[in-house]
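Read through the structure below, which is laid out as structure tokens, and then see the notes.
The values are calculated or read from the model by the stated rules, or taken from the named source; none is laboratory data. From a predicted model like this one, the values you see are computed outputs, not experimental measurements. Here Cβ is always computed from backbone atoms with ideal geometry, including for glycine, and neighbour counts include all displayed protein chains. Accessible surface areas use protein heavy atoms only, side chains included; no ligands, DNA or RNA. Shrake-Rupley method; radii C 1.70, N 1.55, O 1.52, S 1.80 Å.
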Amino acid sequence: MSETTVKKKASASKVKASAAKVVAEQEDRGRRKIRQGYVSSAKMAKTVVVKIESRAQHPLYKKIFISTGKFKAHDEIGCDVGDLVEIMETRPVSKEKRWRVTRIVEKVK
């Protein structure tokens, strides 16, 4: 075998190893919670407040009620108030930030 084919096989095995590492990281991140909500405040530096609504039905009276949760999320993308964003649970970034913005689903017009 020539040196180029040996180098190609070695680089191919490195690519397979790095791909396996990426897949393992994605499986690890698969356990993280993902939520969608609207940005209600973007006044802080690299931080947004995201409102997430959850609907539930009362077990006895069958009335549907809405409960709202507010989460502070780390924002590297640059969201505006009113954007529909997807946030993912992550390690603590600060005292109150445990989420980060992964993508903007719908930009405000």
- Item | Neighbourhood charge, 13 Å Cβ-Cβ cut-off, centred on residue 53 and excluding it, Lys, Arg +1 and Asp, Glu -1 | +4
- The answer for region 66-109, accessible area per residue at 1.4 Å probe in Å², is 64
- Message: Within 10 Å, Cβ to Cβ, of residue 44, how many net charges do the neighbouring residues add up to if Lys/Arg are +1 and Asp/Glu are -1?
- Response: +3
- Query: Which percent of the accessible area of region 23-108 is formed by carbon and sulfur heavy atoms (probe 1.4 angstrom)?
  - Reply: 51
- Per-pair calculated FRET efficiency, R0 = 25 Å: residue 55 and residue 76 via Cβ, rounded to 0.05: 0.25
- Query: For residue 90 and residue 64, what is the calculated FRET efficiency with R₀ set at 30 Å and r taken between the beta-carbons, to the nearest 0.05?
  - Reply: 0.45
- Give, as a single signed number, the net charge of other residues whose beta carbon lies under 11 Å from the beta carbon of residue 77, with Lys and Arg counted +1 and Asp and Glu -1. -1
